[in-house]
Amino acid sequence: MNQCENDNDKTVDHDERVRITGLAPGRYDAKLTDKRGRTCIVRDVEVKDGVFAIEEKQMTDCERK
(Lines give C-alpha, C1' and ligand atoms only; values in the text may rest on other atoms or scores of the structure.)
Protein backbone atom coordinates (compact mmCIF):
# COMPACT_ATOMS: atom_id res chain seq x y z
CA MET A 1 0.00 0.00 0.00
CA ASN A 2 1.55 3.31 -1.06
CA GLN A 3 0.83 5.63 1.86
CA CYS A 4 2.34 8.58 -0.05
CA GLU A 5 -0.90 8.64 -2.04
CA ASN A 6 -2.49 10.12 1.10
CA ASP A 7 -0.36 13.28 0.77
CA ASN A 8 -1.26 16.26 -1.43
CA ASP A 9 2.00 16.16 -3.42
CA LYS A 10 2.28 12.34 -3.23
CA THR A 11 5.66 12.53 -1.45
CA VAL A 12 6.67 12.64 2.20
CA ASP A 13 9.51 14.80 3.50
CA HIS A 14 11.68 13.65 6.40
CA ASP A 15 9.84 15.83 8.92
CA GLU A 16 6.33 15.51 7.49
CA ARG A 17 3.37 13.62 8.89
CA VAL A 18 1.04 11.67 6.62
CA ARG A 19 -2.22 9.98 7.48
CA ILE A 20 -1.84 6.18 7.41
CA THR A 21 -4.90 4.35 6.08
CA GLY A 22 -5.88 0.74 5.61
CA LEU A 23 -3.42 -0.69 8.15
CA ALA A 24 -4.33 -2.35 11.41
CA PRO A 25 -1.97 -1.72 14.33
CA GLY A 26 0.97 -4.11 14.23
CA ARG A 27 4.47 -4.55 12.88
CA TYR A 28 5.21 -4.20 9.17
CA ASP A 29 8.11 -4.04 6.74
CA ALA A 30 8.28 -0.67 4.94
CA LYS A 31 9.84 0.10 1.58
CA LEU A 32 10.85 3.66 0.83
CA THR A 33 12.81 5.61 -1.75
CA ASP A 34 14.52 8.81 -0.66
CA LYS A 35 15.28 11.92 -2.72
CA ARG A 36 18.82 10.66 -3.36
CA GLY A 37 17.45 7.60 -5.17
CA ARG A 38 18.20 5.16 -2.38
CA THR A 39 15.56 2.44 -1.94
CA CYS A 40 15.41 0.88 1.51
CA ILE A 41 13.49 -1.89 3.24
CA VAL A 42 12.97 -1.17 6.93
CA ARG A 43 11.78 -4.26 8.75
CA ASP A 44 9.51 -4.61 11.76
CA VAL A 45 8.20 -1.02 11.88
CA GLU A 46 5.56 -0.60 14.57
CA VAL A 47 2.32 1.05 13.45
CA LYS A 48 0.23 2.20 16.37
CA ASP A 49 -2.89 4.39 16.15
CA GLY A 50 -2.16 5.04 12.45
CA VAL A 51 1.30 6.45 13.25
CA PHE A 52 4.84 5.26 12.65
CA ALA A 53 8.30 6.78 12.34
CA ILE A 54 11.43 5.65 10.51
CA GLU A 55 14.79 7.03 11.58
CA GLU A 56 17.91 7.24 9.43
CA LYS A 57 19.69 4.69 11.64
CA GLN A 58 17.01 2.10 10.75
CA MET A 59 17.74 2.45 7.02
CA THR A 60 20.40 -0.23 6.74
CA ASP A 61 18.98 -2.49 3.99
CA CYS A 62 19.35 -0.02 1.10
CA GLU A 63 20.51 0.10 -2.49
CA ARG A 64 20.94 2.95 -4.92
CA LYS A 65 19.28 2.79 -8.32
Subject >> Proximal lysine pairs, the chain, alpha carbons under 15 Å, eight or more residues apart or interchain >> reply: 4
**OP:** Under 4.7 Å Cβ to Cβ, no partner at all: give me those cysteines from the chain, in residue order.
**Re:** Cys4
Original post:
Do you know the relative contact order of the chain, to the nearest whole percent, from alpha carbon pairs under 8 angstrom that are 6+ apart?
Top reply: 27
Original post:
Residues of the stretch 23-65 with amide nitrogen under 14 Å from the 7 Å Cα-to-Cβ point of Thr11?
Top reply: 33-38
**OP:** Could you provide, to the nearest whole Å², the per residue accessible area of the chain with probe 1.4 Å?
**Re:** 83
**OP:** Using all C-alpha to C-alpha distances in the chain, build P(r) with 5 Å bins and read off the rounded percent in each one.
**Re:** 4, 16, 27, 29, 18, 6, 0
**OP:** State the answer as a single residue: which of Val47, Tyr28, Thr60 lies farthest towards the positive end of the charge dipole of the chain, with beta carbon charges of +1 for Lys and Arg and -1 for Asp and Glu, about the Cα centre.
**Re:** Thr60
**OP:** Run the dipole for the chain about the Cα centre, Lys and Arg Cβ at +1, Asp and Glu Cβ at -1, nothing else charged, and hand back the magnitude in debye, nearest 20.
**Re:** 220
Subject >> DSSP loop GluC sites (Glu not before Pro) with at most 11 other Cβ within 10 Å excluded, longest remaining stretch of the chain >> reply: 17-54
Original post:
Counting only protein heavy atoms and using a 1.4 Å probe, what share of the accessible area of the chain belongs to carbon plus sulfur, as a whole percent?
Top reply: 46
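The values are calculated or read from the model by the stated rules, or taken from the named source; none is laboratory data. The shown structure was predicted, so the numbers you read here are calculated from the model rather than taken from an experiment. Quick reminder, even Gly has a Cβ in these numbers, built from the backbone with ideal geometry, and neighbours come from all protein chains shown. Remember, those area values only see protein heavy atoms, side chains included, never the ligands or the DNA or RNA. Shrake-Rupley method; radii C 1.70, N 1.55, O 1.52, S 1.80 Å.
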